[in-house]
Amino acid sequence: MAGAAWSWSAIRAGIAAAINAGVTDLRCDAHLTDKINPPACVVAPRRLVYHVTMGPGVSEIGFAVVILAAGGSERVAQVTLDRYLDPSGPHSVFAAVLADPTLGGVVDDTIIDDLDEGSYGRLAWGGVDYWGAALNGRVLASQGDST
């Protein structure tokens, strides 16, 4: 990605696009929104380290993919949520993101690290309770030319 600098918007859009392309029954939004229609997910910024290497060069940008299933039947919601957390298959968020680790050339690499501890279960979003979970991930992105 020489010469180009990353942006939060491009990274979030790239993650959402990868999920929307790879998991057709899950709508993913690149922007935080109060109103969702489950099953849905949103990409939330988490952490930013500007200098992973000595001097300018590579940044590490942390994110969460917050997945929200319907809030009705606990069993149905958990089965739905579980398939999005599978490591592979047509409903796997993990597999969808890793299918294009550069997010269309926006970053150098994308990694899904883990399920956010304690996030699986009832989650309140926009004043409504859903069954949900959050996957933590990070991207490595070149800062580009600063001149």
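We did not get these values from a lab; they are worked out from the coordinates using the rules stated. Worth saying up front: this structure is predicted, and the values here are computed from it rather than measured. Positions of Cβ are backbone-derived with ideal geometry, glycine not excepted, and every protein chain shown enters the neighbour counts.
Brief remarks on what is shown
- Taking each residue as 0.36 nm, the span from D114 to A5 lengthens on full extension beyond its C-alpha to C-alpha distance by 36.6 nm.
- Counting charges near D129 (Lys, Arg +1; Asp, Glu -1) among other residues having Cβ under 15 Å from its Cβ returns a value of 0.
- Dividing the summed -39500 (n - 2.57) terms of all DSSP H runs of n ≥ 4 by the residue count of the chain sets its mean residue ellipticity at 222 nm at -7000 deg cm²/dmol.
- Cα-centre dipole for the stretch 8-142 with unit charges at Cβ (Lys and Arg positive, Asp and Glu negative), debye to 20: 260
- Amide H contacts under 5 Å for D29, placed H, 5+ residues apart: C41, V42, V43
- Beta bridges by DSSP in the stretch 1-89, antiparallel share as percent, to the nearest 5: 75
- Using the Cβ of I111 as centre and a radius below 15 Å, the other residues enclosed give a net charge of -4, where K and R count +1 and D and E count -1.
- Folded to 0 to 90 degrees: helix 8-22 orientation relative to the chain principal axis, Cα: 50
- Backbone amide hydrogens, once placed in the peptide plane, bring S119 within less than 5 Å of A134, excluding anything fewer than 5 places away on its chain.
- Cut-off 14 Å between beta-carbons: net charge of the residues surrounding V23, Lys and Arg +1, Asp and Glu -1: -3
- Cα shape, the chain, gyration tensor, a/c 1.5 rule: prolate
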